[in-house]
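Scroll down for the structure; my scribbles are underneath it.
A short reminder: the numbers here are calculations on the coordinates, not readings from a lab. Everything numeric in this text was worked out from a predicted model, so none of it was measured. With ideal geometry, Cβ positions are generated from the backbone for all residues, glycine too; neighbour counts draw on all protein chains shown.
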């Protein structure tokens, strides 16, 4: 990952593989370097198998994982949870929290059906106060900002700030078009496609929740 949120403290990170569009093995390589705890959310195990990744555990209601994949990963811890009031991604994040993980990167949560992508963004908002959580897909790294964040990004990188509702007191530095105590609101004004001009970008918001998209260079 060429850009990332600077963590507040050193933590072991978990990698959650979902059943959507997953990065290539080459794109996943940097995420695997730190030997994360790999947890597949149900059908994400099919993706892991295809990419040659052996997970530490598989969790979900197990309605999306193929029989051949279950057999292939027969030696992997499998946690069946039949609760239909939570998604497989929520089940996976709950398992991580129960096991004491405080940081996770989720792949395969975006890029499929638009309603699924929006639902997963809702999960990102729901869990971001419980753990340091980031989504990563082919095009972007995505996280929630509800206070302030420092971003390591290469000069020339592109970021977007999308408000969930109304966000007041948005201030940025290190961007070509800085914001100073301004308001962003969905359907009124968003902060799309801004350019990074400094090695450290600082973003803060006084009230409201922003979704930060860091566009990956290709």
| field | Gain in span if fully extended, residue 217 to residue 181, counting 0.36 nm per residue against the direct Cα distance | value | 10.1 nm
| query | Say R0 is 41 Å: what FRET efficiency, to the nearest 0.05, do residue 113 and residue 148 get from their beta-carbon distance? | reply | 0.80
| Along its principal axes, what span do the Cα atoms of the chain show, with the longest given first and each in whole Å? | 55, 34, 31
| field | Centre separation in Å (Cα based) which lies between the range 125-162 and the range 188-207 | value | 11 Å
| message | Just the number: Rg to Rh for the range 11-138, Cα atoms, Kirkwood Rh, two decimals. | response | 0.92
| query | Top mean-square fluctuation among 15, 89, 23, Gaussian network model of the chain, C-alpha springs under 10 Å? | reply | 23
| query | Computed over the Cα atoms of the range 166-205, what is the convex hull's projected area averaged over all directions, in nm²? | reply | 2.6 nm²
| Percent of alpha carbon pairs in the range 145-215 separated by more than 21 Å? | 13 percent
| query | Where in the range 183-199 does the amide nitrogen come within less than 12 Å of the point 7 Å from the Cα of residue 155, taken along Cα to Cβ? | reply | 196-199
| request: Have a look at 157, 117, 68 and tell me which one the Gaussian network model of the chain (Cα, springs below 10 Å) gives the largest fluctuation. | output: 68
| query | Taking the chain as a Gaussian network, Cα atoms linked when under 10 Å apart, which of 190, 90, 98 shows the biggest mean-square fluctuation? | reply | 98
| task | Give, as ranges by residue number, the residues of the range 113-130 whose backbone N falls under 15 Å from the point 7 Å along Cα→Cβ of residue 97. | result | 122-130
| Rounded, prolate or oblate: which fits the range 106-145, taking a ≥ b ≥ c as square roots of the Cα gyration tensor eigenvalues, rounded meaning a/c under 1.5, else prolate when a/b beats b/c? | oblate
| query | Considering only DSSP beta bridges whose two residues both sit in the chain, what percent are antiparallel, to the nearest 5? | reply | 65 percent
| query | Gap in Å between the Cα centre of the range 89-112 and the Cα centre of the range 15-42? | reply | 11 Å
| said: How much length would be gained if the chain were fully extended between residue 27 and residue 82, taking 0.36 nm per residue of separation minus their Cα-Cα distance, in nm to one decimal? | reply: 16.6 nm
